[in-house]
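This report concerns only the one structure given below.
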Amino acid sequence: MSKTGTLWFVTGSQHLYGPETLEQVAANAKEIAAAFHADSAIPVEVVWKPTVTTPDEVYAICRDVNADENCVGLITWMHTHDHAAAKARQRIGRTRIRLVATVVIAIALS
């Protein structure tokens, strides 16, 4: 079955995590987007987009998705870090990043 249209996979995070963490976030997001794209139950192409970390980048993605006639919507994945829990875990020698997945699919009305 041929896939028509695109669905953008956009990850949000914060620049304060630093480049190493954001590179890992991007790698994970690419893997998730590729899995969605390969799923024959999803009738559109799922396209990975770079991680957004600032209000200007979020605005640019929204502007670009609205301008793309082939895009039917967005999947958003928000990466976050629980600072209070991290401080507690650091005291006992363990740290962990918590990933929160929020999937929002907005279908364009024609």
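Tell me which residues, restricted to region 53-76, are of a type outside the set (Asp, Glu), out of contact with any strand residue (DSSP E or B) (no Cβ under 7 Å at 6 or more places or on another chain) and assigned to a loop (DSSP other than H, G, I, E, B).
The answer is Thr53, Thr54.
Taking region 21-75 only, how many residues are under 12 Å from Val10 (Cα atoms), surrounded by 15 or more Cβ atoms within 10 Å (Cβ to Cβ) and among the hydrophobic types (A, V, I, L, M, F, W, C)?
13
Identify all residues within region 1-52 that are outside any helix (DSSP H, G or I), among the basic types (Lys, Arg) and under 12 Å from the mean Cα position of the chain (by Cα); write none if there are none.
Lys49
In region 1-20, how many are exposed (fewer than 11 other Cβ atoms within 10 Å of the Cβ) and charged (D, E, K, R)?
1
Every number here is computed from the coordinates shown, using simple stated rules; none is lab data. Everything numeric in this text was worked out from a predicted model, so none of it was measured. Backbone-built Cβ (ideal geometry, glycine too); neighbour counts: all protein chains shown.
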